[in-house]
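The values are calculated or read from the model by the stated rules, or taken from the named source; none is laboratory data. For clarity, every value in this text was computed on a predicted model and none was experimentally measured. Reconstructed Cβ throughout: ideal geometry from the backbone, glycine too, with neighbour counts over all protein chains shown. Note: accessible area is taken over every heavy atom of the protein model, side chains too, but ligands, DNA and RNA are not part of it. Shrake-Rupley method; radii C 1.70, N 1.55, O 1.52, S 1.80 Å.
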Amino acid sequence: ELIEKYGADATRFGMIYQNLGNQDIRFNEDAMLTGKKFCNKIWNASRFVLQNANSEKNTKYQILDTKYYTEADKKILNGLGKTGEEIEKRIEKYEFGQALHKLYDFFWHEYADIYIETAKLQMADEKIKISTQNILLKIHLDLLKLLHPFLPFITEEIWSAFGKKNLLLIEKWPK
């Protein structure tokens, strides 16, 4: 019933999101609604990146000389690195709920709310436009890899929309 109401990924998200490992789960269907909204946020961010990040030309997302990095670029790349390390540690300890909370917070608040909005402004500057597009694409694809264990269906669908031939499931974990 929950899968029909919210979708498989949103239901999976809701179950994992409530499991923080320190007590019995007090089941709350609101977590599935949170998962549904999160999947929608991921989809919308992906559409923005597909439309604006030069993805067809930059499928390898090579980042240009660091002299074109803005403070926002440095901050998001650093944050992604730290978030990826923490998620990897949490997954290795079977702390899936904590890993998902960290990933949710990073994606929604730091990436979507702050960096994507900053990237919109940066892409108006021709000197840093391509660098910003490449960083945006790299971060987005790495976030899809990090999200995949928790939201496998939507991330595979988005991955293929980026023209990727291999399944996301077999991609290397981002470093």
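Things to note:
- Among PHE27, PHE106, PHE96, residue whose mean-square fluctuation peaks in a GNM of the chain (springs only between Cα atoms under 10 Å): PHE27
- Loop sites in the stretch 102-141: trypsin sites (Lys or Arg not before Pro), DSSP, at most 13 other Cβ within 10 Å: LYS127
- Gyration tensor over alpha-carbon atoms, the stretch 77-123, equivalent ellipsoid semi-axes in Å: 25, 10, 5
- Taking ASP73, ASP105, ASP142 as the candidate residues, the one with maximal mean-square fluctuation in a Gaussian network model of the chain, Cα springs under 10 Å, is ASP105.
- Among the listed pairs LYS41/LYS82; LYS138/LYS164; LYS36/LYS82; LYS41/LYS175; LYS67/LYS127, those with a Cα-Cα distance over 19 Å are LYS41/LYS82; LYS36/LYS82; LYS41/LYS175.
- Counting 0.36 nm for each residue step from LYS5 to TYR94 and taking away their Cα separation leaves a gain of 29.3 nm.
- Estimated purely from DSSP H runs of n ≥ 4, each contributing -39500 (n - 2.57), the mean residue ellipticity at 222 nm for the chain is -19500 deg cm²/dmol once divided by its residues.
- Proximal charge balance of LEU151 [Cβ under 12 Å; K/R count +1, D/E count -1]: +1
- At R0 = 35 Å, FRET efficiency that the Cβ-Cβ distance of ASP105 and LYS67 yields, to 0.05: 0.70
- By the Cα gyration tensor, the stretch 1-56 has an equivalent ellipsoid whose semi-axes, rounded to whole angstrom, run 29, 13, 7 from largest to smallest.
- Tilt relative to the chain, helix 8-18 - C-alpha long axis, 0 to 90 degrees, to 10: 70
- Fully extended contour minus Cα-Cα distance, from ASP125 to ALA161, at 0.36 nm per residue: 10.3 nm
- Full-stretch length increase - PHE48, LYS74 - with 0.36 nm per residue and alpha-carbon distance subtracted: 7.3 nm
- Heavy-atom accessible area order for HIS148, HIS101, HIS109, largest first, 1.4 Å probe: HIS109, HIS101, HIS148
- Given a 1.4 Å probe and the protein chains as shown, TRP108 ends up with an accessible area of around 50 Å².
- LEU169 versus GLU29: modelled label distance in nm, points set 7 Å from Cα along the beta carbon direction: 3.1
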